[in-house]
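What follows is calculated from the coordinates using simple rules that are stated; it is not laboratory data. Here the structure is a predicted model, which is why all the values come from computation and not from measurement. Positions of Cβ are generated from backbone atoms using ideal geometry, with glycine treated the same way; all protein chains shown enter the neighbour counts.
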Amino acid sequence: MKIYLFKNEDEMANRSAKLFYEEYLKNSNSFKVMLSGGSTPINMYKIIISEYKDKINWENVLIFFGDERFISENSSNNNYKNTYENFLKHIPIPKSNIFKIRTDIPIEKSIIDYENKIITKTKNYKFNLIYLGIGNDGHTASLFPDELKKKGFIIYTEKEHGNPPLKRISVNFDLIEKADKIIFMSNYKKKEKVLNQIIENFETVKNKYPTTSLKNQNIYYLIAKDGY
Ligand SMILES: O=C1O[C@H](COP(=O)(O)O)[C@@H](O)[C@H](O)[C@H]1O
């Protein structure tokens, strides 16, 4: 596990976009990547579009999502919609290489549908690269501290979370653990409590939060801390 601090969001975005490209080069025949939702990755997407778009054979890139807010794809709260608007519609990736989490069918059916897509396109749920965010309560993807009992590779939450409160679908720890590389990206602002603990003494918060509970050896925390 490595922690990298950046002076600002742009520097963090540059590094995370470079990592995207580096991992693509290692797996350029079939690059399986899982993206996080929320606003943090948007700057990274801009850099991938401007710096790397033309260096990547998008036919060989498969895009999945770590979690989804269970709301219509037309809503600005939908992770796929945001990723499509800020990233996917700007790159020449075939539509058939994008695997979204459906919100137009019942939630129990959607997790089965999503898991089937993953089973079909990966070897035993293994991704080359998984991007994750960090919530101010230490959640990651949609694995929330107060409901971690569900087993399986894909789960949905019992409660509604966030603003607006919505049920969520998420990949679970067992799937994330299998990835070749995991990148957490987070902005210090509004997440001081959990990020301070991660930065200052990771060992003391190991296993305390969903975001610090992974055992995978190839985890990068990229944290933008103004003026650091
Ligand atoms: O709700 C969510 O939030 C987290 C963090 O989002 P951010 O806006 O702070 O970047 C995100 O990682 C997750 O995918 C999303 O569903």
TODO: Might you check whether a residue that is over 14 Å from the mean Cα position of the chain (by Cα), over 16 Å from F65 (Cα atoms) and part of a strand (DSSP E or B) occurs anywhere in the stretch 188-211?
DONE: no
- [ ] Any chance you could count how many residues in the stretch 200-228 are more than 30 Å from K117 (Cα to Cα), buried (at least 17 other Cβ atoms within 10 Å of the Cβ) and not charged (D, E, K, R)?
- [x] 3
Task: Members of the stretch 47-61 that are under 24 Å from I118 (Cα atoms) and either surrounded by fewer than 14 Cβ atoms within 10 Å (Cβ to Cβ) or of a type in the set (F, W, Y) (or both) - done: N57, W58, E59
- [ ] Identify, by number, the condition in (1) hydroxyl-bearing (S, T, Y); (2) part of a loop (DSSP other than H, G, I, E, B); (3) within 15 Å of the ligand (Cβ to nearest atom); (4) surrounded by 15 or more Cβ atoms within 10 Å (Cβ to Cβ) that Y125 doesn't meet.
- [x] (3)
TODO: Kindly provide the set of residues from the stretch 27-46 that are away from the ligand (no atom under 16 Å from the Cβ) and either among the polar types (S, T, N, Q) or surrounded by fewer than 22 Cβ atoms within 10 Å (Cβ to Cβ) (or both), ordered by number.
DONE: N27, S28, N29, S30
Open item on the list: Could you go through the stretch 150-163 and let me know if any residue there is among the aliphatic types (A, V, I, L, M), within 14 Å of the ligand (Cβ to nearest atom) and in a helix (DSSP H, G or I).
Closed with: no
Task: Failed condition for I134, given (1) surrounded by fewer than 21 Cβ atoms within 10 Å (Cβ to Cβ); (2) within 11 Å of the ligand (Cβ to nearest atom) - done: (1)
Open item on the list: Suppose the filter is away from the ligand (no atom under 14 Å from the Cβ), part of a helix (DSSP H, G or I) and farther than 28 Å from V194 by Cα; does S72 pass it?
Closed with: no
- [ ] Confirm whether E68 is surrounded by 21 or more Cβ atoms within 10 Å (Cβ to Cβ) and under 21 Å from P41 (Cβ atoms).
- [x] yes
Open item on the list: Can you pull out every residue in the stretch 1-14 that is within 16 Å of the ligand (Cβ to nearest atom), part of a helix (DSSP H, G or I) and over 29 Å from I71 (Cβ atoms)?
Closed with: D10
